[in-house]
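Below is one structure; the comments refer to it alone.
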Amino acid sequence: MAANRTSFDRRQFLAGSAALAAGAPFIAGVAGRRPNVILITADDLGWKELGVMGNPDVKTPNLDRLAGEGALFTHNFVCSASCSPSRASIMTGQTPHSVGVLGLTHRHPQYQMSARVPTLARSLLRRGYATALFGKWHVAPFKPVQAFGYQARIDAAGIKGPEHVNDFIRRHRSQPFFMELNFMQPHRRGDGSFSQNPDFPVDPESIHVPDYWRIPDWPEIRKDVAGYYSQISAMDHIIGRIVERLDAEGLAENTLIAFISDNGAPYPGCKTTCYDPGIGSPLILRWPGGLPAGRRIDDLTSSIDLMPTCLDAAGVASPKTVQGVSLLGLARGESGPVHEEIFSEITYHVIYTPMRSVRTRRYKFIENLTADPTMLDQNTRFDWAQRVAKLPGQTCCAPRPPEELFDIESDPREEKNLAADPAVAELKAGLHDRLHQWRRDTHDPFPDLSGNPLF
């Protein structure tokens with residue numbers, strides 16, 4: 001079955017390549033050509049679940065190497081802690097509600113993204129890049145990827161190894177290419193569990209549950225986390241083999257690799273929330289020919305910055321719809337911070353739990369447009385998760401207050417809600433105004449807490 005699928009994908013790709021060649025010739029030659037661009041996304045990889053981000057229990061030597069050879073952004077946040085909306089923001093440089101992706105599109109098909117929205121792949125395709133999507137496609141699953149600028153989709157069932165990616169690299173080594181590699185290894189299986197990868201086993205007794213997740217370090221949770229870490233290491237290994245192929249083909253110097261996660265870890269209070277464990281995401285940019293090595297950047301960045309960054313590297317102007325900014329100047333040390341604040345949202349994941357947030361370096365303000373709890377997502381069937389939900393201070397299954405305000409500097413776990421504290425009323429009002437201005441500027445279709453439209 002796998003051989004048949006591969007054969008179909010290859011025929012599909014060759015047909016797409018021929019169509020491109022007829023309408024937009026590739027840029028010829030290697031010297032002076034535009035850089036190749038490889039965008040790698042990890043599904044449900046937590047903000048700090050890399051060795052280079054300070055987690056001693058998960059083994060990610062290849063991603064750690066990429067960070068050391070490029071720029072690591074330690075305060076990067078996605079626009080939504082839910083797969084489809086987050087991926088829409090990555091590929092368009094716009095916030096999810098601006099492009100109409102308000103929930104998981106396989107569960108809510110009405111929120112699939114329109115093919116009319118400018119995308120990173122289409123922008124590069126029009127400038128002569130070969131383009132391909134590997135793995136997960138979750139922005140418009142009932143529409144063909146070609147409508148969004150990808151000539152082909154390869155490894156539709158998931159990226160299980162480097163072979164097809166490396167084959168693409170070999171066949172396009174003399175022309176600029178764009179690949180989007182969407183890994184699903186850190187995502188729970190359909191039954192909610194994680195399996196240990198036999199090549200990358202993790203002993204539950206050798207690890208700890210990260211403190212910033214705000215859940216207990218129980219043995220049964222460590223067992224689950226061990227499977228999660230095992231799959232992260234398996235993904236890291238495949239990425240390492242792809243980087244080796246770039247080196248072997250002499251392409252590493254002129255290839256921008258961008259790595260990001262679509263949302264936080266799949267544990268209670270993380271994914272599907274606007275708390276830092278939900279929206280925090282590692283971001284790595286590695287381009288030996290265009291960026292200095294060893295840069296660690298603590299300034300605020302957002303997933304909407306990826307599209308303009310990749311286009312800037314390729315010498316392609318961003319569409320006027322893009323709301324993010326290029327990070328190349330920041331990565332090179334040529335410019336200062338690009339954002340004073342970042343914004344995130346949830347409308348639907350599976351259920352309707354609308355919330356909007358603004359985060360500065362020190363403070364986080366959240367508006368919960370309903371009181372409905374975010375619930376346990378795929379953790380629901382586990383006894384340990386049901387017991388966690390009943391612990392004091394756990395919020396995933398509790399009604400949500402209309403407003404939440406946290407001083408992240410003194411309360412990094414976001415446990416003390418200051419929204420009702422008169423001592424910070426002026427601060428809250430300022431963050432409220434900034435959040436509502438952003439909602440108006442980006443045409444958020446949802447009303448304020450009083451039910452009044454914002455524009």
Beyond a 29 Å Cα-Cα separation, which of these cross-linked pairs lie in this structure: K160/K223; K143/K271; K160/K390? K160/K390
Using the charge dipole of the chain (Lys, Arg: +1 at Cβ; Asp, Glu: -1 at Cβ; taken about the Cα centre), state which of I346, A140, A389 has its Cα farthest towards the positive end. A140
Where nothing but the Cβ of Lys and Arg (+1) and of Asp and Glu (-1) is charged, how large is the charge dipole of the chain around its Cα centre, in debye to the nearest 20? 1740
Cα centroid separation - region 311-327 against region 151-167, whole Å: 27
Compute the acute angle (0 to 90°) between the alpha-carbon long axis of helix 83-92 and the principal axis of greatest extent of the alpha-carbon atoms of the chain; round to the nearest 10°. 50
Percent RCO, i.e. relative contact order, over region 231-311, from Cα pairs under 8 Å lying at least 6 residues apart: 26
In degrees, nearest 10, range 0 to 90: what is the angle between the Cα axis of helix 2-23 and the longest Cα principal axis of the chain? 70
Any idea what angle helix 219-248 forms with the longest principal axis of the chain, computed on alpha-carbon atoms, 0 to 90 degrees, nearest 10? 30
GluC sites (Glu not before Pro), restricted to region 337-434: which are DSSP loop and have at most 12 other Cβ atoms within 10 Å? E340, E409, E415
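When the accessible area of the chain is split by element with a 1.4 Å probe, what percent falls to carbon and sulfur?
Details: 9290 of 17140 Å².
Using a 1.4 Å probe with all protein chains present, the chain comes out at 54 percent carbon and sulfur.
If you count the DSSP beta bridges with both ends in the chain, what percent of them are antiparallel, to the nearest 5?
Details: 24 of 51 bridges.
Percent antiparallel among DSSP bridges in the chain is about 45.
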Loop trypsin sites (Lys or Arg not before Pro), region 382-446 (other Cβ atoms within 10 Å of the site Cβ: 16 or fewer; DSSP): K390, R413, K416
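The values are calculated or read from the model by the stated rules, or taken from the named source; none is laboratory data. Quick caveat, the model's predicted, so the values are computed rather than measured. Ideal geometry is used to build each Cβ from the backbone, glycine not excepted, and the neighbour counts take in all protein chains shown. What goes into the accessible areas is simple: the full protein's heavy atoms, side chains included, and nothing from ligands, DNA or RNA. Shrake-Rupley method; radii C 1.70, N 1.55, O 1.52, S 1.80 Å.
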